[in-house]
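To start, the structure under review is shown below, and the notes come after it.
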Amino acid sequence: MSKNTKEDKSLEEELENSTASNSNMGSDTYEELLDKNEDLEKASLRAKADLDNALKRTLAEVEKAHKYGVEKLLAELLPVIDNLEHALNNLSENATKEDKEGIEFNFKVF
């Protein structure tokens with residue numbers, strides 16, 4: 001077996017002193033710690049719920065942007081297509097073959 005040295009005795013004394021001082025703590029401190037723990041748990045749950053809600057909102061906004069983004073683009077392009085059709089149908093007699101081909105080409109691109 002090992003012999004107790006002065007360092008071992010001093011460590012044992014410190015441990016005993018710290019244990020004794022911890023047992024002297026009042027029940028108020030324990031209750032305060034329980035209350036603080038409960039408050040922190042509630043705050044953690046609220047933060048998690050806020051994060052979940054933000055994620056759901058973001059996903060809904062992205063889905064909405066995809067859905068209505070295409071619709072908006074088409075709504076902006078329809079007048080251009082209509083104008084090209086109108087230009088093809090109402091070419092004047094003085095229009096060259098290149099003018100007609102240019103309008104047809106742009107119309108086909110759309």
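The residue list Thr5, Thr19 contains one member that is at pLDDT below 90, surrounded by 10 or more Cβ atoms within 10 Å (Cβ to Cβ), of a type in the set (Ser, Thr, Tyr) and out of contact with any helix residue (DSSP H, G or I) (no Cβ under 7 Å at 6 or more places or on another chain), which is Thr19. The C-beta contact set for segment 65-77 (first residue under 17 Å from Val109 (Cα atoms), second residue in a helix (DSSP H, G or I), distance under 8 angstrom, 6+ apart or interchain) is empty. The single condition from (1) surrounded by fewer than 10 Cβ atoms within 10 Å (Cβ to Cβ); (2) modelled with pLDDT of 90 or more that Ala47 fails is (1).
The values are calculated or read from the model by the stated rules, or taken from the named source; none is laboratory data. Here the structure is a predicted model, which is why all the values come from computation and not from measurement. Heads up, the Cβs are rebuilt from the backbone with ideal geometry, glycines too, and the neighbour counts pull from every protein chain shown.
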